[in-house]
Amino acid sequence: MFTEFASFFSNLFVIFSFSFFVALTGAMAPGPLLTYTIIKSAKATTRGYLMGIWIIAGHALLEMGIIVFLLLGFSFVLKNIFVVRAIGITGGLILVYFGGSILRDLYLGKISVSFLDGKSDQSGSPSETEKTGFDNPVAGGIMISMSNPYWWIWWASIGFAFMVQFEISFREWPKLIAFFLGHEAGDLIWYLIVSFLAFFGLRRLNKKAYYGILAFCGLFMILFGIYLGSSPFLKPE
């Protein structure tokens, strides 16, 4: 009895650990969600070091949905080249819009830097970027994740293969929980570190340096959006 009990929890620990490190490795790769987290954390007036929690909360909600989607047997949909291209175009446009909004707000002087000297923003006029759903970190975490076609491809290939390998299913719900919690823990750990460094690090910069980093992030979003939108068409069907 004890041996079976120990074996059961040992198996869950293995699933959790593998899921954690696979997710952590993927999270550490540069991408739009990382850039978005840096921007949101740096611009927050208070508790920006916790921004990663809210962004990953949205990210986790979306991943919960795609796991259910895959378990229901729809993995083939995400492997269809036309679906991948549609996601690529839509996601690319979203990222280009977000990056363009940042650059436009910088050009028009709508980016508040009051947090750099510890003052609160009294202007009361949000930037164009803040008027969109990107202002809410949970919604932003969902939208930015959805905009990346390689996130969908990852789940249709690596993520789904992991689930098959460890026999994760609704019936084996303890394995499903261990897999999901391990994956989200890997994302959360890294993005909390990023939020902490962005909030306390970028706030020590002067105005020009902050604008420069923000411009780089906006340009990165635009270029990455163009890449995501065009790359599915460069692959053979």
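Cβ-Cβ distances below 9 Å connect the following pairs, each with a first residue in the stretch 35-53 that is surrounded by fewer than 22 Cβ atoms within 10 Å (Cβ to Cβ), a second residue that is aliphatic (A, V, I, L, M) and not in a helix (DSSP H, G or I), and a separation of six or more residues or different chains: Leu50/Ala44.
If you check Leu62, Leu12, Leu33, Leu24 for being more than 30 Å from Tyr211 (Cβ to Cβ) and touching a Ser or Thr at 6+ places or on another chain (Cβ under 9 Å), only one passes: Leu62. Among residues of the stretch 35-49 being out of contact with any Phe, Trp or Tyr (no Cβ under 8 Å at 6 or more places or on another chain) and under 24 Å from Gly92 (Cα atoms), the one that is modelled with the lowest pLDDT is Ile39. Considering every residue within the stretch 126-140, establish whether at least one is at pLDDT below 85 and within 20 Å of Leu188 (Cα to Cα). Taking every residue of the stretch 126-140 in turn, at least one turns out to be at pLDDT below 85 and within 20 Å of Leu188 (Cα to Cα). I'd like to check something: does the stretch 50-64 contain any residue that is outside any loop (DSSP other than H, G, I, E, B), within 15 Å of Ile153 (Cα to Cα), modelled with pLDDT of 80 or more and not β-branched (Val, Ile, Thr)? Yes, the conditions are met somewhere in the stretch 50-64.
Flag not set for Leu12, criterion: modelled with pLDDT of 85 or more, within 23 Å of Gly140 (Cα to Cα) and in a helix (DSSP H, G or I). Only a single criterion out of (1) out of contact with any Lys or Arg (no Cβ under 9 Å at 6 or more places or on another chain); (2) within 22 Å of Met51 (Cβ to Cβ); (3) modelled with pLDDT of 80 or more is not satisfied by Gly182, namely (2).
Residues being in a loop (DSSP other than H, G, I, E, B), modelled with pLDDT of 80 or more and within 19 Å of Leu33 (Cα to Cα) are entirely absent from the stretch 149-171. Kindly check whether there is at least one residue in the stretch 202-217 that is surrounded by 15 or more Cβ atoms within 10 Å (Cβ to Cβ) and within 17 Å of the chain's Cα centre (by Cα). Yes, the stretch 202-217 contains at least one residue that is surrounded by 15 or more Cβ atoms within 10 Å (Cβ to Cβ) and within 17 Å of the chain's Cα centre (by Cα).
Within the option set Thr35, Thr25, being under 12 Å from the mean Cα position of the chain (by Cα), assigned to a helix (DSSP H, G or I) and among the hydroxyl-bearing types (Ser, Thr, Tyr) holds for one residue only, Thr35. Is it true that Ser19 is in a helix (DSSP H, G or I), at pLDDT 80 or above and surrounded by fewer than 14 Cβ atoms within 10 Å (Cβ to Cβ)? The answer is no for Ser19. Do any residues in the stretch 64-88 that are of a type outside the set (A, V, I, L, M, F, W, C) have Cβ atoms under 7 Å from those of residues that are at pLDDT below 90 and surrounded by fewer than 16 Cβ atoms within 10 Å (Cβ to Cβ), where the two are at least six apart or on different chains, and which pairs are they? That search, which allows pairs on different chains as well, returns Arg85/Phe233; Gly88/Ser231.
Quick test for you: out of Gly212, Gly225, pick the one residue that is in a helix (DSSP H, G or I) and touching a Pro at 6+ places or on another chain (Cβ under 9 Å). None of the others qualify; the one that does is Gly225.
The values are calculated or read from the model by the stated rules, or taken from the named source; none is laboratory data. Please read all numbers here as calculations on a predicted model, not as lab measurements. Methodologically, a virtual Cβ is constructed for each residue, glycine included, from the backbone with ideal geometry; neighbour enumeration extends over all protein chains shown.
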